[in-house]
Amino acid sequence: ATGSDENDVVIIGGGPGGYVAAIKAAQLGLKTTCIEKRGTLGGTCLNVGCIPSKWCMRDLAVAAILVSLSFPLFLGFRFVNCGEELKFDNALLHSSHMYHEAKNSFAHHGIKVSSVEVDVPAMLAQKDKAVGNLTKGIEGLFKKNKVNYVKGYGKFLSPSEVSVDTIDGGNTTVKGKHIIVATGSDVKSLPGITIDEERIVSSTGALSLKEVPKRLIVIGAGYIGLEMGSVWGRLGSEVIVVEFAADIVPSMDGEVRKQFQRSLEKQKMKFMLKTKVVSVDTTGSGVKLTLEPAAGGEQTTLEADVVLVSAGRTPFTAGLQLEKIGAETDKIGRILVNERFATNVPGVYAIGDVIPGPMLAHKAEEDGVACVEYIAGKEGHVDYDLVPGVVYTHPEVASVGKTEEQVKTLGVEYRVGKFPLLANSRAKAIDDAEGLVKIIAEKESDKILGVHIMAPNAGELIHEAALALAYGASSEDIARTCHAHPTMSEALKEAAMATFDKPIHI
Ligand code: FAD
C-alpha cells in the first residue's frame, strides 16, 4: 500500500489516537496505512507515558496473597532473610506501591518480612519488558486487521501524499484519499531549563532513573508530576513539588483536591505552591534551584539530586510540513479541526493530543474511532464533557463531569451528596479507607452533573458514574440500583443516597 498504491486512509502517528484509528478504519473496510517514526507502536502512552508509569502500582491485597502463597514472581524488589528470595513479576507506580506496602503495611496485616530492598535496575527491566510486549501486541493487531505499517518520519508533500524517511534509511511516498494527523505531543520545557534526562529530567527520564534520588524536586503539580513524585517518594526519595499556581491539579474539584493534597502530604510529599523557578544551576554535583514567590519577592535556593520538569505537554508537529499544505494551527501549535476532525485542508484530519482538548490516551482513542467513522460515511461521536480523568496515585483520584466550582460558575442550582470511605465496609476490611465519593446533581431534576472519587481503584469505580452521566441518570437512579456487598462501589451508591435523600451507613 506504499509507493504508488493509494490508501483510503493514511495515519501519521501510531499512538493511542493513530493506532486505534488505523485498526478501526481497517475494520470498516478501508485500505489503511499507519506511519510511525519511533519504531514501536503505542505512542507516548505505551512507550513513555501511561503504561510504564503505572507499572509498579497495585494492590497490597495481591501482594499479600502472593507472599502468603510464596508464588515465585518478580517485581523488582526483594524480600531478604526470608529463607529464599521471592520474585514478583510485575512492572513503576505499581511496583513502588507494593514495595511501600511491603515495607510499611504488611506487618499490620500479620505478614512478617524482616527486610525489603528495592532493586531499581530489575524494576526498570521488568517495566521495559512489559512495554515491549504490549507494543508488539499492537503490531500483531495491525497484522490481524491488515493495517499496513510504515516505520519512519512522515511529512506532507501535498494534502494526499506523505513522504516517509524510513528508519532503515530509505524513503517512500505514501498516498491516501484521507490523511489523519495523529502526531501527539511532546514534553514542554521551561525557559532557561535544559532537560538532560540525567539530573534534569522530563517524565521520560523520570521513568528510567538508575537509582533512587535522595531528593527529587518536581516542577509542576499536574497529574504526571504527582504520579512520578509518588513513584520515587515510595522508593525513598524526599519529594518537593514546586508549583506556580495556588493549587495542585487545577482541574480537580476543590474539596476533593484539598483532601488529596493532605493525603500526599501524609505520604511525606512536600508542596511549595505559588512559587516560581527563576533559574537552575547544574555546575555543582547536584542541581541548585533559585525560587521566588509567584507574586514576586525574596529569592530562596533549594538543592536536589534530580529535578523533574513536569510543566505540561505541547502539541508535536515538527518536521510535518503542515505549512506546505496550509493547515491551520492555533497560537500554541494545536491543529485546528471542526467537529468532524477535519482541518481547513480538504482530506486532512487531526486527532488526539495534537488538537485542542484533554491530552489523554482514552480521549485520543475516542477521537480516532469517531474520525474514521465520519470518513467511512457513518456518524461518530465524542462527548468531551464526559471524558473521565484519573490521577493514579494511592489513593487514586478520578472524576467525570463538572466540579462544584464549575456548576457554581454556571449558576445552576445543585445538591451535593458525599460518602466517606471510612464508612465503607470493604475499604475498612482491607484497611485502605482514605477518601470519599462526591456527587453533584441538579437540584430540581436530580440529574447527575459530576462525580468525584478519591479511593483505591477510583479509576475503575468512576466508570459506573461515567455511564450514569452518559445516560442522563439521576442520583436516585444510582441509589436504587442494587450494588453488591461488600464492595467499594457501595460508597458510590451511598453518596447517591446522600444526594437525593439520606445515606444508611453514616
Ligand atoms: P502520542 O501518544 O504522543 O503518539 C503520537 C505518535 O506519533 C508518537 O509515537 C510519535 O512518535 C509519532 N509521530 C509524531 N510525528 C510523527 C511523524 N511526523 N511521522 C511519524 N510518526 C510521528 N493519558 C491517559 O489517558 N492516562 C494516563 O495514565 C496517562 N499517563 C501519562 C503519563 C505520562 C508520563 C505521560 C507523558 C503521558 C500520560 N498520558 C496519560 C497522556 C497520553 O500518553 C497521551 O494523551 C496520549 O499518548 C496521546 O495519544 P496520541 O495518539 O494523540 O499521541
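The values are calculated or read from the model by the stated rules, or taken from the named source; none is laboratory data. Please read all numbers here as calculations on a predicted model, not as lab measurements. Glycine gets a Cβ as well: all are built from the backbone with ideal geometry, and neighbour counts include every protein chain shown.
For the range 1-38, enumerate the residues that are near the ligand (Cβ under 9 Å from one of its atoms) and surrounded by fewer than 24 Cβ atoms within 10 Å (Cβ to Cβ).
K37, R38, listed by residue number.
Look through the range 340-354, keep the residues that are of a type outside the set (A, V, I, L, M) and within 18 Å of D385 (Cα to Cα), and return whichever of them is farthest from the ligand (Cβ to nearest atom). Full working, then the answer.
First, pick out the residues of the range 340-354 that are of a type outside the set (A, V, I, L, M): 340-341, 343-344, 346-347, 349, 352-353.
Narrowing the set further to residues that are within 18 Å of D385 (Cα to Cα) leaves 340-341, 352-353.
Working: R340: 17, F341: 12, G352: 2, D353: 4 Å.
For the range 340-354, the residue satisfying everything is R340.
Within the range 123-142, identify whether any single residue is buried (at least 17 other Cβ atoms within 10 Å of the Cβ), on the phi < 0 side of the Ramachandran plot, of a type in the set (F, W, Y) and part of a helix (DSSP H, G or I), and answer yes or no.
yes
Among the residues of the range 39-63, what is the count of those that are farther than 30 Å from V162 by Cβ, within 7 Å of the ligand (Cβ to nearest atom) and either modelled with pLDDT of 90 or more or among the small types (G, A, S) (or both)?
Filtering the range 39-63 for residues farther than 30 Å from V162 by Cβ gives 53-63.
With the extra rule that they be within 7 Å of the ligand (Cβ to nearest atom), the set shrinks to 53-54.
When the remaining residues are screened for being either modelled with pLDDT of 90 or more or among the small types (G, A, S) (or both), the result is 53.
Selection size over the range 39-63: 1.
Could you grab me the full set of residues in the range 409-450 that are closer than 20 Å to H394 by Cβ and among the β-branched types (V, I, T)?
Residues satisfying the conditions are I430, V437.
Of all residues in the range 380-406 being among the polar types (S, T, N, Q) and within 14 Å of the ligand (Cβ to nearest atom), which is nearest to M98 (Cα to Cα)?
Residues of the range 380-406 that are among the polar types (S, T, N, Q), as a first pass: 393, 399, 403, 406.
Narrowing the set further to residues that are within 14 Å of the ligand (Cβ to nearest atom) leaves 393, 399.
Values: T393: 13, S399: 25 Å.
Filtering first and then ranking leaves T393.
Can you tell me which residue in the range 401-417 is surrounded by the fewest Cβ atoms within 10 Å (Cβ to Cβ), limited to those that are over 26 Å from the mean Cα position of the chain (by Cα) and part of a strand (DSSP E or B)? Lay out the reasoning, then the answer.
Narrowing the range 401-417 to residues over 26 Å from the mean Cα position of the chain (by Cα): 408-417.
Next, from what is left, pick out any that are part of a strand (DSSP E or B): 414-417.
Details: Y414: 19, R415: 16, V416: 18, G417: 24.
Going through the qualifying residues, I end up with R415.
Pull out all pairs, ordered by first then second residue, where Cβ-Cβ is under 8 Å, the residues are six or more apart or on different chains, the first lies in the range 284-302 and is hydroxyl-bearing (S, T, Y), and the second is modelled with pLDDT of 95 or more and assigned to a loop (DSSP other than H, G, I, E, B).
So the pair list comes out as T290/Q299.
Residue under question is G333, and the condition is that it be of a type in the set (G, A, S), more than 10 Å from the ligand (Cβ to nearest atom), under 24 Å from V201 (Cβ atoms) and out of contact with any Lys or Arg (no Cβ under 7 Å at 6 or more places or on another chain); does it hold?
Numbers: of a type in the set (G, A, S): yes; more than 10 Å from the ligand (Cβ to nearest atom): yes; under 24 Å from V201 (Cβ atoms): yes; out of contact with any Lys or Arg (no Cβ under 7 Å at 6 or more places or on another chain): yes.
The answer is yes for G333.
Can you go through S251, S208, S230, S263 and tell me which one is part of a helix (DSSP H, G or I) and within 16 Å of the ligand (Cβ to nearest atom)? Let's see the steps before the verdict.
Details: S251 fails: part of a helix (DSSP H, G or I); S208 fails: part of a helix (DSSP H, G or I); S263 fails: within 16 Å of the ligand (Cβ to nearest atom).
From the options S251, S208, S230, S263, the qualifying one is S230.
Quick one: how many residues across the range 208-230 are over 22 Å from T290 (Cβ atoms) and in contact with a Phe, Trp or Tyr (Cβ under 9 Å, 6 or more places away or on another chain)?
Total satisfying the criteria: 6.
Which condition from (1) of a type in the set (V, I, T); (2) under 28 Å from I224 (Cβ atoms); (3) surrounded by 21 or more Cβ atoms within 10 Å (Cβ to Cβ); (4) out of contact with any Asp or Glu (no Cβ under 8 Å at 6 or more places or on another chain) is the one that I355 breaks?
I355 satisfies every listed condition except (4).
Please state which one of G357, G377, G368 is within 16 Å of the ligand (Cβ to nearest atom), out of contact with any Cys (no Cβ under 8 Å at 6 or more places or on another chain), more than 30 Å from E265 (Cβ to Cβ) and part of a loop (DSSP other than H, G, I, E, B).
Details: G377 fails: within 16 Å of the ligand (Cβ to nearest atom); G368 fails: part of a loop (DSSP other than H, G, I, E, B).
Answer to the selection: G357.
Considering only the range 171-207, state which residues are at negative phi, under 17 Å from the mean Cα position of the chain (by Cα) and not hydrophobic (A, V, I, L, M, F, W, C).
Within the range 171-207, S185, D186, K188, S202, S203, T204, G205 meet the criteria.
Just for the range 331-354: of the residues that are in a helix (DSSP H, G or I) and not aliphatic (A, V, I, L, M), which one is nearest to V48 (Cα to Cα)?
So in the range 331-354, the residues in a helix (DSSP H, G or I) come out as 352-354.
Add one more test, that the residue is not aliphatic (A, V, I, L, M), and what stays is 352-353.
Numbers: G352: 16, D353: 15 Å.
So, considering only residues that are in a helix (DSSP H, G or I) and not aliphatic (A, V, I, L, M), the one nearest to V48 (Cα to Cα) is D353.
Please return the ranges of strands (runs of 3 or more DSSP E) entirely within the range 161-201 where 2 or more residues are under 30 Å from V287 (Cα atoms). Walk me through how you get there before you give the answer.
On the way: elements: 161-166, 171-181, 185-187.
Qualifying strands (runs of 3 or more DSSP E): 185-187.
Listed here are the residues, each with its yes/no results for (1) closer than 22 Å to I195 by Cβ; (2) crowded, with 18+ Cβ neighbours inside 10 Å; (3) small (G, A, S).
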| position | (1), (2), (3) |
| --- | --- |
| I224 | yes, yes, no |
| E227 | yes, yes, no |
| V239 | yes, yes, no |
| A245 | yes, no, yes |
| G284 | yes, no, yes |
| L291 | yes, yes, no |
| G326 | no, no, yes |
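When A246 is evaluated against the numbered criteria (1) within 16 Å of the ligand (Cβ to nearest atom); (2) outside any helix (DSSP H, G or I); (3) among the small types (G, A, S), which criterion, by number, is the only one it fails?
(1) is the only condition that A246 fails.
Picking from T282, T314, T275, which residue would you name as being within 16 Å of the ligand (Cβ to nearest atom) and among the hydroxyl-bearing types (S, T, Y)? Quick ask: steps written out before the conclusion?
Working: T282 fails: within 16 Å of the ligand (Cβ to nearest atom); T275 fails: within 16 Å of the ligand (Cβ to nearest atom).
After ruling out the rest, the residue left standing is T314.
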